[in-house]
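Please treat every number below as a calculation from the coordinates, not as lab data. Keep in mind that this is a model prediction, so the values were computed, not measured. Neighbour counts are summed over all protein chains in view; Cβ atoms, including those assigned to glycine, are modelled from backbone coordinates with ideal geometry.
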Amino acid sequence: MTSKPARKNRSRTGPEIIVEASCGNVFADLGFPDADVLLAKAGLVFHITQTISARRLTQKRAAEILGIDQPGVSDLLRGRLNRFSSDRLIRFLNALGQDVDIMVTACESSRPRPGRLRVRNGNARPATSASQARPQATRVRRTPVARPGIRRSPRTPSKGRTP
């Protein structure tokens, strides 16, 4: 049995990339003007998707329950939020047998600020949409995945061998 010589580690590191921590709302991080509404809608769609999955509903059956067409269910499951209002998403959850509670509370802060819009899962930690103080950026070294000009084919197990 002939052993192959050890390959030298040829990994090169590129320039440093500054990575900024999220404020907790990806839509706000990307600069959407209605970020808190989009985050709330995403939370509602998440619960709809989880319910459809837990009940093992096909898109066709889910469409019958929700009162929409199958392409609408596909859009919903793919996270296309612009087709559905928050009110309609709440009605979808109700049609799927889920209770939706809306709770209004006073701001906890002593300084006046805009209120928050949150979607919670029972006693789970809420997905907040308020703009919070951003943590400081951290520096991360980028490690290249593949070098240009080099193609690698996926390894396939040969006959008679087990991977």
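Amide H contacts under 5 Å for VAL119: ALA127, restricted to partners 5 or more places along the chain or on a different chain, H placed in the peptide plane at 1.01 Å from N.
The label-point distance for ARG80 and ARG120, in a model that sets each label 7 Å from Cα toward Cβ, rounds to 3.3 nm. The Stokes-Einstein estimate for the stretch 34-103, based on a Kirkwood radius over Cα pairs and taken at 4 °C with 1.567 mPa s viscosity, is a diffusion coefficient of 108 µm²/s.
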